[in-house]
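These notes are about the structure you will find just below.
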Amino acid sequence: MTHRIAVIGGDGIGPEVIAEALKVVRAAGVELDTVDYDLGGARYLRDGVVLTDDIVEEWRGFDALLLGAVGTPDVPPGVIERGLLLKMRFDLDLYVNQRPFVAPDGSHDFIVIRENTEGTYAGEGGFLRKGTPHEIATQGSVNTRFGVERCVRYAFELAQRRPKRHLTLVHKTNVLTFAGDLWERTFNEVAAEYPDVTTAYNHVDAACIYFVESPQRYDVIVTDNLFGDILTDLGGAVSGGIGFASSGNLNPDRTGPSMFEPVHGSAPDIAGQQKANPVAAILSAAMMLDFLGEADAAERIRTACADPENLTGSTATIGDAIARSLGA
């Protein structure tokens, strides 16, 4: 079966790592029909285009999207983040952000499920008297029962399929008493439907400590958009480095394509030097294969990425080594 994939190489090291991810997927025997899209900071600086509605509509005809990294230092903050990344998440209803973390020595293996379309990232807020000594800036957090419940339910279903069958809610209910209350009540009510899944709760500041001191305590974590964004970078740091951190922005209802991306950013300071670690992009492509029903190929790719002998050298050298170990 051939899968139709929209590819956004993006900026900086993005095209380099995506080239290796595609190489490895094909080496695993998966047939891809890819279409490249020139989007990101460089495209914005060149002609002012970030992401149009027409392109989003085109993407609805694809099986998945694979993104390298976007952003350049010359683009003002928020232009690409809101105009491209968040627009993709909102317009395609990619309401689950799933990020797995496995320690190189196998000491921990956990997954963070981050709500991906609400919270502080929904864009509620604004300025009053901007640029004056009396300036006011507000930034609201949008949390709906619908949005919270579908994310929490996805996390319970994922935990139910894993050996430990354990799910931890992370929030800040002692201070964020409105949003936190909605999350906690929803979590507890949905938990009653999954009696075989054990549960726990951590404040987000405590979770940061536990990520560093005892990450093995976790199995699946569910949390809101902002907390998930911060926690998952820390998760990468304690699991071999951000160069191994993969992610999937998922539409579990499959009303449109899901999007997969490494989380390391565009790293413009090393772009074009073949210094970037492509493993995060390769593992993100493996997540894409899982979602597309190619579980065997995905698992073989993960195994190859865990072999230290495949992980030294340039960006292309690492990609070549992983591809060779798959039989290419």
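Bear in mind these aren't lab numbers, they're just calculated from the coordinates by the rules spelled out. No experiment lies behind these values; they were computed from the predicted model shown. Neighbour counts are summed over all protein chains in view; Cβ atoms, including those assigned to glycine, are modelled from backbone coordinates with ideal geometry.
Between ALA137 and GLU299, the modelled labels are 4.8 nm apart [label points 7 Å from Cα along Cα→Cβ]. Only beta bridges with both residues in the stretch 105-238 are counted; by DSSP, about 25 percent of them are antiparallel.
Taking a straight Cα-Cα cut-off under 20 Å and skipping sequence neighbours fewer than 8 places away in the same chain, the lysines within cross-link reach of LYS275 are LYS23. Take every DSSP beta bridge with both residues inside the chain and express the antiparallel ones as a percent of the total, to the nearest 5. Here the share of antiparallel DSSP bridges comes out near 40 percent.
Backbone phi angles across the stretch 89-94, fed through the Karplus curve with coefficients 6.51, -1.76 and 1.60 (θ = phi - 60°), yield HN-Hα couplings of 5, 6, 5, 9, 6, 8 Hz in residue order; Gly and Pro are listed as x.
Provide the gained length on full extension for the span THR255 to ASN188, in nm with one decimal, where the gain is 0.36 nm per separating residue minus the Cα-Cα distance.
Stretched out fully, the THR255 to ASN188 stretch lengthens by 21.3 nm.
Relative to one another, the C-alpha centroids of the stretch 30-97 and the stretch 116-133 are positioned 22 Å apart.
Where the alpha-carbon atoms of the chain are placed on the principal axes, they occupy 54, 52, 37 Å, in descending order.
For a quick protection proxy, order the peptides 12-18, 135-141, 156-162 by their average other-Cβ count within 10 Å, most packed first.
Numbers: 12-18: 26.6, 135-141: 11.6, 156-162: 16.7.
The packing order, highest mean first, is 12-18, 156-162, 135-141.
Report the full-extension gain for the segment GLU213 to ARG4: residue separation times 0.36 nm, less the Cα-Cα distance, to one decimal in nm.
Numbers: separation 209, 0.36 × 209 = 75.24 nm, distance 4.22 nm.
Working it through step by step, the gained length comes to 71.0 nm.
Karplus-derived 3J(HN,Hα) values for the stretch 139-147, using 6.51 cos²θ - 1.76 cosθ + 1.60 with θ = phi - 60°, are 9, x, 10, 9, 9, 10, 4, 4, x Hz; glycine and proline are entered as x.
For ASN251, the amide hydrogen comes within under 5 Å of the amide hydrogens of SER258, MET259, counting only partners 5 or more places away or on other chains and with H modelled in the peptide plane. Taking GLU20, GLU115, GLU189 as the candidate residues, the one with maximal mean-square fluctuation in a Gaussian network model of the chain, Cα springs under 10 Å, is GLU189. Taken one residue at a time, the phi angles of the stretch 170-181 give Karplus couplings (6.51, -1.76, 1.60, θ = phi - 60°) of 10, 7, 9, 5, 6, 10, 8, 6, 8, 4, x, 5 Hz. Gly and Pro are set to x.
Looking at the stretch 105-238, what % of the alpha carbon pairs are farther apart than 21 Å? In whole percent, the long-distance tail amounts to 44. When SER314, SER107, SER239 are arranged by Cβ crowding within 10 Å, least crowded first, meaning fewest neighbours, the order is SER107, SER314, SER239.
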